[in-house]
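S.K.: Have a look at this one.
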Amino acid sequence: MRRTAIVMLAGLLATGAAVMAQTVPVPGKDGNKYVPYEERTGNESIVYFTRDLSPEGLIKAYEQVDAYIEGNVGVKLHTGEPHGPNIIPREWVRALLRKDLPDAKIVETNTYYAGDRYTTEQHRKTLQVNGWTFCPVDIMDEEDTLSLPVHGGKWFTKMSMGSHLADYNSLVVLTHFKGHTQGGFGGSNKNIGIGCADGRIGKAWIHTTPGQDNQWDIAKEEFMERMTESTKAVVDHFGKRIAYVNVMRNMSVSCDCEGVQAAPVVTPNVGILSSTDILAIDQACIDLVYAMTEAEHHDLVERIETRHGLRQLSYMKELGMGNNRYILIDLDNGGRRITVAEAVKGLKPFVKE
């Protein structure tokens, strides 16, 4: 149910401790390291992979994981800052929606930082500039917020989301996998953990602690854990009616929120992955990056590790959000199982389109 009014940010920050867990722990310092596959434990999930970076490749990847997508469907997509050069191409998304999701809406929320998507009016202008005009785009916090419970969290007992999230029966998480200035990398976890939290309350809770108002002044592991707890609230809300598609293309060390100011892309394009397991798909993307040569992955790995971004993965596992072991299925070669080394073999240096 939608609330009747949005509480002002200042008041919420002042009472932010109300949504914190009873005891605020020290962030996990042992969770920020790359764990080789052979050292991981637990079950394996399925992750599908195609090298086909095209509308057809996107459709092929999505159709492997769409079994429980039904009813009113939201497609969580980062639509980008004005003229952002690295976002998922509009024509790919349009082709997917026309073939498989004709009644779906793209869903977004306003930003926490001031800019061209800070208010709904600014956001809608940016959507026009970037060409997201071929289907409805729902700015979920345009009217109000709602609270979703965070089960088993260290930092939160609930998270504030755009109220329109409750209007959807299913969620397709369509993610441009890339680096991220604060998170180290942006995969499915970042797409919904930050992207579904509303711009004034939820995003403020994730980026700040009570008593401090600098969104960049937060411990690295703590930020990863807060973001991941927000994601868990969304994942738990949709249950099996959620699917993930990660596009490994134009992978700058910068997020799409940096728009035309993003750092140049130097990492090779890889392909498109899909899964019904959020940890497995983000872990597989990280594994593909680490399987590249030093020259190919240097900048992206440095961004991930200096921001302690791998804590996203270890914390998702601690929260029971999926498996960090998986079977990688090659959709281009008869659906056979392959290794990440096979998947990245023969990558071509990035060439700007």
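S.K.: Any residue that is crowded, with 18+ Cβ neighbours inside 10 Å and among the basic types (K, R) - is there at least one of those in the range 308-323? Reasoning before the result, please.
M.R.: Restricting attention to the range 308-323, the residues satisfying the condition of being crowded, with 18+ Cβ neighbours inside 10 Å are 308-317, 319, 321-323.
Cutting the leftovers down to among the basic types (K, R) gives us 311, 317.
Scanning the range 308-323 turns up at least one residue that is crowded, with 18+ Cβ neighbours inside 10 Å and among the basic types (K, R).
S.K.: Let me ask something else about it. Out of the residues in the range 179-210 that are touching a helix residue (DSSP H, G or I) at 6+ places or on another chain (Cβ under 7 Å) and of a type in the set (D, E, K, R), state the one that is farthest from S314 (Cα to Cα).
M.R.: R200
S.K.: Regarding the range 173-192, can at least one residue be identified that is more than 30 Å from L53 (Cβ to Cβ) and touching a Leu at 6+ places or on another chain (Cβ under 9 Å)? Explain how you work it out, then say what you get.
M.R.: At the first step, the residues of the range 173-192 found to be more than 30 Å from L53 (Cβ to Cβ) are none.
Taking every residue of the range 173-192 in turn, none turns out to be more than 30 Å from L53 (Cβ to Cβ) and touching a Leu at 6+ places or on another chain (Cβ under 9 Å).
Residues checked against (1) assigned to a loop (DSSP other than H, G, I, E, B); (2) at pLDDT 90 or above:
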site: Q22; (1), (2): yes, no
site: P25; (1), (2): yes, no
site: V47; (1), (2): no, yes
site: E56; (1), (2): no, yes
site: D66; (1), (2): yes, yes
site: I69; (1), (2): yes, yes
site: T79; (1), (2): yes, yes
site: H83; (1), (2): yes, yes
site: R94; (1), (2): no, yes
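S.K.: Can I ask one more? Within the range 224-237, can one find any residue that is among the aliphatic types (A, V, I, L, M) and at pLDDT below 95? Break it down stepwise before answering.
M.R.: Residues of the range 224-237 that are among the aliphatic types (A, V, I, L, M), as a first pass: 224, 227, 233-235.
Add one more test, that the residue is at pLDDT below 95, and what stays is none.
For the range 224-237, residues among the aliphatic types (A, V, I, L, M) and at pLDDT below 95: absent.
S.K.: Looking only at the range 236-277, count every residue that is among the aliphatic types (A, V, I, L, M) and within 13 Å of F177 (Cα to Cα) and tell me the total.
M.R.: Quick first cut of the range 236-277, residues among the aliphatic types (A, V, I, L, M) only: 242-243, 245, 247-248, 251, 253, 260, 262-263, 265-266, 270, 272-273.
Next, from what is left, pick out any that are within 13 Å of F177 (Cα to Cα): 245, 247-248, 251, 253, 265, 270, 272-273.
Of the residues in that region, 9 qualify.
S.K.: List pairs: first residue in the range 231-244 and part of a loop (DSSP other than H, G, I, E, B), second residue of a type outside the set (D, E) anywhere in the structure, Cβ distance under 8 angstrom, at least six positions apart or on different chains.
M.R.: K240/Y68; K240/T276; R241/Y68; R241/I69; R241/G71; R241/N169; R241/S170; R241/L171
S.K.: Determine which member of the set Q261, Q283 is at pLDDT below 95 and not hydrophobic (A, V, I, L, M, F, W, C). Don't jump to the end; show me each part of the working.
M.R.: Values: Q283 fails: at pLDDT below 95.
Being at pLDDT below 95 and not hydrophobic (A, V, I, L, M, F, W, C) holds for just one of Q261, Q283, which is Q261.
S.K.: Restricting attention to the range 324-349, which residues are of a type outside the set (A, V, I, L, M) and either farther than 29 Å from M224 by Cα or surrounded by fewer than 12 Cβ atoms within 10 Å (Cβ to Cβ) (or both)?
M.R.: Initially, the range 324-349 is screened for residues of a type outside the set (A, V, I, L, M), giving 324-326, 330, 332-337, 339, 342, 345-346, 348-349.
Those that are of a type outside the set (A, V, I, L, M) and either farther than 29 Å from M224 by Cα or surrounded by fewer than 12 Cβ atoms within 10 Å (Cβ to Cβ) (or both): D330, D332, N333, G334, G335, R336, R337, E342, K345, G346, K348, P349.
S.K.: Let me ask something additional. Taking the range 264-312 as the search range and keeping residues that are among the hydroxyl-bearing types (S, T, Y), more than 30 Å from K240 (Cα to Cα) and part of a loop (DSSP other than H, G, I, E, B), which one is farthest from the chain's Cα centre (by Cα)? Walk me through how you get there before you give the answer.
M.R.: Keep residues of the range 264-312 that are among the hydroxyl-bearing types (S, T, Y), which gives 267, 274-276, 290, 293, 306.
Subsequent filtering for residues that are more than 30 Å from K240 (Cα to Cα) retains 267, 293, 306.
Then keep just the ones that are part of a loop (DSSP other than H, G, I, E, B); that gives 267, 293.
Working: T267: 19, T293: 25 Å.
Step by step, filter the range 264-312, then rank; the result is T293.
The values are calculated or read from the model by the stated rules, or taken from the named source; none is laboratory data. Since the model is a prediction, treat every value here as computed from it, not as a measurement. A quick note on method: Cβ atoms are made from the backbone with ideal geometry, for glycine too, and the neighbour counts reach across all protein chains shown.
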